[in-house]
1. Residue check: is A:Ala94 among the aliphatic types (A, V, I, L, M) and in contact with an Asp or Glu (Cβ under 8 Å, 6 or more places away or on another chain)?
2. For region B:53-91, what are the residues that are within 14 Å of chain A (Cβ to nearest Cβ) and either among the acidic types (Asp, Glu) or on the phi > 0 side of the Ramachandran plot (or both)?
3. Suppose we filter A:Val111, A:Val134, A:Val95 for residues that are β-branched (Val, Ile, Thr) and either farther than 21 Å from B:Lys180 by Cβ or more than 10 Å from every other protein chain (Cβ to nearest Cβ) (or both); which single one remains?
4. Which members of region A:137-158 meet the condition of being touching a residue at least 40 places away in the same chain (Cβ under 8 Å), in a loop (DSSP other than H, G, I, E, B) and either within 14 Å of another protein chain (Cβ to nearest Cβ) or out of contact with any Pro (no Cβ under 9 Å at 6 or more places or on another chain) (or both)?
5. Inside region A:113-125, can you point out the residues that are assigned to a helix (DSSP H, G or I) and either buried (at least 21 other Cβ atoms within 10 Å of the Cβ) or among the hydroxyl-bearing types (Ser, Thr, Tyr) (or both)?
6. Name the single residue that is surrounded by the most Cβ atoms within 10 Å (Cβ to Cβ) among those in region A:210-231 being facing chain B (nearest Cβ under 9 Å) and out of contact with any Ser or Thr (no Cβ under 6 Å at 6 or more places or on another chain).
7. Any idea which of A:Ala71, A:Ala26 is in contact with a Lys or Arg (Cβ under 9 Å, 6 or more places away or on another chain), more than 12 Å from every other protein chain (Cβ to nearest Cβ) and farther than 26 Å from A:Gln131 by Cβ?
8. Before we move on, is B:Ala29 part of a helix (DSSP H, G or I), of a type outside the set (Phe, Trp, Tyr) and crowded, with 16+ Cβ neighbours inside 10 Å?
Amino acid sequence: MGGWAIAVHGGAGVDPNLPLERQEEARQLLTRCLNIGISALRSSLSPIDVVELVIRELESDPLFNSGRGSALTAKGTVEMEASIMDGVGRRCGAVSGLTTVKNPISLARLVMDKSPHSYLAFSGAEEFAKQQGVEMVDNDYFITEDNLGMLKLAKEANSIIFDYRIPLTGSDICEKAADAPPLMMNGLPISVYAQETVGCVVVDGQGRCAAGTSTGGLMNKMSGRIGDSPLIGSGTYACDVCAVSCTGEGEAIIRGTLARDVAAVMEYKGLGLQEAVDFVIERRLDGGGQAGLIAVSSKGEVVCGFNSVGMFRGCATEDGFMEVGIWD
Amino acid sequence: MGWAIALHGGAGDIPRSLPPERRQPREAALRHSLQVGVAAIKAGRSPLDVVELVVRELEDHPHFNAGRGSVLTSGGTVEMEACIMDGNTKRCGAVSGLTTVKNAISLARLVMEKTPHIYLGFDGAEAFARDQIDYTEPLTKVEEAPPSNGDSQLGTVGCVAVDGKGNLATATSTGGLVNKMVGRIGDTPIIGAGTYANKLCAVSATGKGEAIIQATVGRDVAALMEYKGLSLKEAAKYVIEECAPSRTAGLVAVSATGDVAMPFNTVGMFRACATEDGYTEVAIWDDETCG
């Protein structure tokens, strides 16, 4: 049996031409979040506490698509969603349609701990947030100049249906940002689509697992659109054998019930974590859907898998292993 | 092989002392909806059309907790949700937080067919509905006292169907829990929880939403068939008896080969089914049929 393990992600499907400074900023953020998680694990915080703490950090940083820095709806506003699940007892909480709650993951946790329900959305969720006294801010707080620019581009291209059938490029090409032609989808650089949903999975030394996912959703989405991140079994899942958080093309993740399937093949087919992740990434993303996920097992293993070009990710285990990556 | 159809009108603590005036209209509605479904299958309609049609019938019936009969939130409003899924393609559509849409299941189908998304909720879903024809009509809620035992789980409706060629579909619709918090979303619109279909089976669940979400009921029935090789009946029984806590859930399911399963761990479940070989059943509790 292993010790603790933790993984974080900042989204699957990365523009191979992402400027090196942005790649560096992403690596630093992932590293910082991993270190926050590691320190919390060493202080014996429970996995669910660690997941919440790490995701709060990701939500507060405008770099990825969650909390501050969330993708914008077609109306130019932010609507955030998140879910959290405790493998112990499979308790869960989820929220959608948040517009003024500073940390969606924490509200999801409160839904789990302090409400009789599992999932609250829109004005009902905001009302619950007020009753719980969580930190609320104006919707403007979440909106960044970068994303306003991206929304404009997306509207000009008049599409949020994006084609993930990007020809796989090698990681060496990805590092040479200046040389490669811009990677386009539906006429726009891939980075416009803001796939960088964030997530975290943790297992402690006693084998208890927890997972969480948070996002602003798709750039230029219809107001009211709900993706995979708040859906238990799709974007997030945890039970007594593993914890999983997914990111990428939301509709494909939902159809594939990706997070639940990793656990289901472990429970029902007896696969180990790595085999389960490989199986799900290869076989459950039919129709060309592109996605990635991070997962930990109760045995202390940590695995990342993705079929997209790149996934912002980091992982660490108690025996000192630590890795932050973007490409294959 | 052969076609099969199963439908439910909710699982919960349905008292055996349910008076005839509360029991008979529901049995009649189940029977009628079953007939509508069977006629549609025999006429060659696709399973996706069939499940939508049957759920619309159930939504329109005031004695079930969906559409016209939806229960009220703590705010005194109605908030409906629904979900539909096609087994072959795993395309799906879901809606939540509807207040003025007469047939939530049909809006869910439109989300699947007319938008690049799977799931729309609340104001956004209502706005989408207004852009479609014929989908909003002021709902006139039929006044009905809540069941005297305070049962709040009763009444979600759903239908699963398979045609003679193994094509599967599922649809579920609900008004949610009595006195639920405004904005509460249950299992019905969550793919893999209350609603799920793939090439092996189609499932529609009912009961305590929070329990069905945690147990990923819909997906697990299919996963047990696929990963452990269980039959539909074995898989459905296992999920209801071992995965969902006692007195929280029931489901109807059909397999690509025309099997039907309708297990529940609550006192009763309003249900009905029919298969191509002529079998039909309309029932509420587990030791009687009134087919």
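1. Taking the combined requirement at face value, the residue satisfies it.
2. B:Gly76, B:Glu79, B:Glu81, B:Asp86, B:Lys90
3. Only one candidate qualifies: A:Val134.
4. A:Ile143
5. A:Phe122, A:Ser123, A:Gly124, A:Ala125
6. Among those residues, the one meeting the criterion is A:Leu231.
7. Sole residue among the options that is in contact with a Lys or Arg (Cβ under 9 Å, 6 or more places away or on another chain), more than 12 Å from every other protein chain (Cβ to nearest Cβ) and farther than 26 Å from A:Gln131 by Cβ: A:Ala71.
8. yes
The values are calculated or read from the model by the stated rules, or taken from the named source; none is laboratory data. None of these values were measured; they are calculated from a predicted model. Every residue, glycine as well, gets a Cβ built from its backbone with ideal geometry; the counts of neighbours run over all protein chains shown.
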